[in-house]
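This report concerns only the one structure given below.
Please treat every number below as a calculation from the coordinates, not as lab data. Computed from a predicted model, the values in this text were never measured in an experiment. Reconstructed Cβ throughout: ideal geometry from the backbone, glycine too, with neighbour counts over all protein chains shown.
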């Protein structure tokens, strides 16, 4: 259990005054929500040691509400995020890149949340080189809408094009914002990430004065509801993190819903991971589906989800949701596509139903933060860092170690060919 060490109110007020980045101040001038750069979240987990926090994918308002309450109870800093597939221009969720900060801010003020929160644009995917031009226009709009952190994910591209896409888009990310990069497409056909691939990406960025806070790997991750046969490869993850140690980049763990609590504890204890994404589990839990101890949905003998009576949505609502899914031939992990058509219907349920949806998420997230991720009492560490730096921008953790003359476009292409 957390000892719920109280954050000094004067320290909180001072952090509120100086710790919120300019976009947040402009959008929410009268707010009491401590929405901060993702950089501070990473620093707090490093300061505690062998700790990572949840980056909760807020696929619906109930997940966001429950996750914030859990973090407050655990006295933990947290990240609330939405990915481009979930909340981009072709979204399957009502929560999106452009309204998630407003929802977080409103809920923090409503519930008196005083722990620090970062808003993360997860998996801003660049699937082909042609996507870069549009991204140069769209990425600034995310920060105008209140984002404080972003993951530039060009991991579907070959190594040289991944690095070059990151270089091309970096000028459109504010210097104060949390920054994540990725190597080795999640569930990609090309196998797991390697030390050489990760070093290539981080060294190339370093040469151009770009110092990501996190790197995400294809380390055995699965996204969705199925538990993989092997799950996250802890030894591989640790090996890559150690190889990157002098560049001071932390790990971002994706696809945690398919991995056991014991494996996630190992990731916390044995790697440099400070951020772990949880998406599918929180959605299923909010709806009231039966899950195991780490949030993986349990299926019946027919391969269908099991609704727990009197938990989550009402029974008639679940009947309506499953009927809709059948009519659209939606199965398994694609139940995520129910988020958009049902958000308003779920919000129109009685207050006690909405409350039990959020409460179920709160219970799960609190347990993960405290008993799996070792994130409790990291909120004061963020506030201490803000007060120590006296600004909303703690600056980079690393410094340039690589020679930019060795990382020109031509040399990047040559180097990639040798990996």
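General remarks:
- Share antiparallel - DSSP beta bridges, region 9-390, percent rounded to 5: 10 percent
- Relative exposure of 18, 78, judged by other C-beta atoms within 10 Å (fewest first): 18, 78
- Calculated on the Cα set of the chain, radius of gyration then Dmax: 20.4, 64 Å.
- Using C-alpha pairs under 8 Å with a sequence gap of at least 6, the mean separation divided by the residue count of the chain gives a relative contact order of 24 percent.
- Highest-first arrangement of 268-277, 242-251, 386-395, where packing means the average Cβ count within 10 Å: 268-277, 242-251, 386-395
- Ranked by the mean number of other Cβ atoms within 10 Å of their residues, highest first, the peptides 45-58, 336-349, 402-415, 79-92 fall in the order 45-58, 79-92, 336-349, 402-415.
- The packing ranking, built from the mean of other Cβ atoms within 10 Å per residue, places the peptides 30-43, 352-365 in the order 30-43, 352-365, highest first.
- Cα centroid separation - region 39-55 against region 105-151, whole Å: 19 Å
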